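Trainee: Quick one: structure below, then a few questions.
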């Protein structure tokens with residue numbers, strides 16, 4: 001029963017996260033009428049920032065700074081690139097956002113490499129695992 005509740009809560013929280021991401025796509029499209037392909041890379045930038053800073057400054061400050069970094073990057077992209085192409089065809093804006101997405105994604109992949117970035121537990125608990133622990137008895 002506890003596994004069912006755990007899986008249920010994990011599914012609900014993951015679904016809520018997907019809903020927030022989809023809501024971001026909708027808000028961007030409704031406000032600018034441009035399909036922004038940079039959305040995923042900006043999410044990765046925020047997650048990368050949080051993962052890198054959470055060990056040193058804690059989870060909540062890292063989340064706040066990660067949000068600020070992502071918002072600043074999105075603001076710079078919008079002001080320096082998207083705003084200059086405001087009167088252009090929608091396909092041109094979509095292609096430009098694909099290019100910006102590739103640039104951000106390439107840089108983040110270069111920085112992350114093959115590392116697995118761990119984020120500490122938000123409420124200070126320890127990660128618990130299932131399976132055998134301790135030593136095995138022989139004979």
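Trainee: Report, to the nearest 10°, how far helix 2-32 tilts away from the longest principal axis of the Cα atoms in the chain, using its own Cα long axis and a range of 0 to 90°.
Mentor: It is inclined by approximately 10 degrees.
Trainee: Run the simple label-point estimate for residue 98 and residue 121 please: 7 Å along Cα→C-beta, distance reported in nm.
Mentor: Label-label distance for residue 98 and residue 121, simple model: 4.5 nm.
Trainee: Still on this structure, I have one more. Using only the alpha-carbon atoms, what does region 31-112 span along each of its principal axes? Please give whole angstrom values in decreasing order.
Mentor: That gives 45, 25, 17 Å along the principal axes, largest extent first.
Trainee: What ranking do 59, 75, 25 get, fewest neighbouring Cβ atoms within 10 angstrom at the top? Intermediate values should be presented prior to the final figure.
Mentor: Numbers: 59 17, 75 10, 25 14.
Going from least to most buried by this count: 75, 25, 59.
Trainee: Also, quick follow-up: Once the convex hull of the alpha carbons of the chain is built, what does its volume come to per residue, in cubic angstrom?
Mentor: 167 Å³
Trainee: Next question. Going by alpha carbons, how many degrees (0 to 90, nearest 10) lie between the helix axis of 90-112 and the longest principal axis of the chain?
Mentor: 40 degrees
Trainee: For residue 84 and residue 4, calculate 0.36 nm times their separation in residues minus their Cα-Cα distance, and state this gained length in nm to one decimal.
Mentor: Gain on extension, residue 84 to residue 4, equals 23.7 nm.
Trainee: Could you list 100, 119 in order of exposure, starting from the residue whose Cβ has the fewest other Cβ atoms within 10 Å?
Mentor: Exposure proxy ranking, most exposed first: 119, 100.
Trainee: Take the alpha carbon atoms of region 53-107, find their center, do the same for region 11-33, and report the distance between the two centers in whole angstrom.
Mentor: So the two Cα centres are separated by 16 Å.
Trainee: Which angle from 0 to 90°, rounded to the nearest 10, does the C-alpha axis of helix 59-77 make with the longest principal axis of the chain?
Mentor: Value to nearest ten degrees: 20.
Read-outs throughout are calculated quantities, based only on the coordinates presented, and are distinct from any laboratory measurement. Note that the coordinates shown come from a computational prediction; the quantities given were computed from them, not determined experimentally. Positions of Cβ are backbone-derived with ideal geometry, glycine not excepted, and every protein chain shown enters the neighbour counts.
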